[in-house]
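Asker: Please see the structure below; I have some questions.
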């Protein structure tokens, strides 16, 4: 992986229900390349086929599939040019494993070292006013807070600098992120 790719790969992370996916969708609508969240995609796919890799059935298998998805998204993004915005990244899998008290396998740590992103990672804090549960998001607000904290700890441990995205309107959040990646 080249340093150029690392610089143009931007992660948005945080707890569930903080507006990450809405912001990713706004970035896509503005013409930017994006990569969807692994967790929701895997849950959707496995619910459709009664598959085993659901976080409430087999969290370790769910984590392995998320890791594979994130590595594949990273590889696919290398084919393009310009900024790419990821709805979570490889370190999120480590954060998930820590959150669920599962061991972090060596290959997951190696993946976090190998599949790198821009040093500046955008983290979205819990936002109780917009938080909601659905068929794919079964976590409660307490778990959203614990997930946020796990991502803070994990990304810092992986050598990233966190930029907290303020609780603003979607257009204002979009401008905040785009301003933060634009060189001065």
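Asker: Just one of 37, 64 is over 27 Å from residue 170 (Cα atoms), within 16 Å of the chain's Cα centre (by Cα) and free of Cβ contacts under 8 Å to residues at least 60 places away in the same chain; which is it?
Answerer: 64
Asker: Taking the stretch 152-176, which residues are within 21 Å of residue 7 (Cβ to Cβ) and in contact with a strand residue (DSSP E or B) (Cβ under 8 Å, 6 or more places away or on another chain)?
Answerer: Correct list: 155, 156, 160, 161, 162, 163, 164, 165.
Asker: Which of the strands (runs of 3 or more DSSP E) found entirely inside the stretch 82-170 contain at least 3 residues meeting this: in contact with a helix residue (DSSP H, G or I) (Cβ under 7 Å, 6 or more places away or on another chain) and at pLDDT 95 or above?
Answerer: Those strands (runs of 3 or more DSSP E) span 84-87, 120-124.
Asker: Follow-up. Name the single residue, out of those in the stretch 31-62 being part of a helix (DSSP H, G or I), in contact with a helix residue (DSSP H, G or I) (Cβ under 9 Å, 6 or more places away or on another chain) and closer than 18 Å to residue 94 by Cβ, that is modelled with the lowest pLDDT.
Answerer: 39
The values are calculated or read from the model by the stated rules, or taken from the named source; none is laboratory data. For clarity, every value in this text was computed on a predicted model and none was experimentally measured. We place every Cβ from the backbone using ideal geometry, glycine too, and count neighbours over all the protein chains shown.
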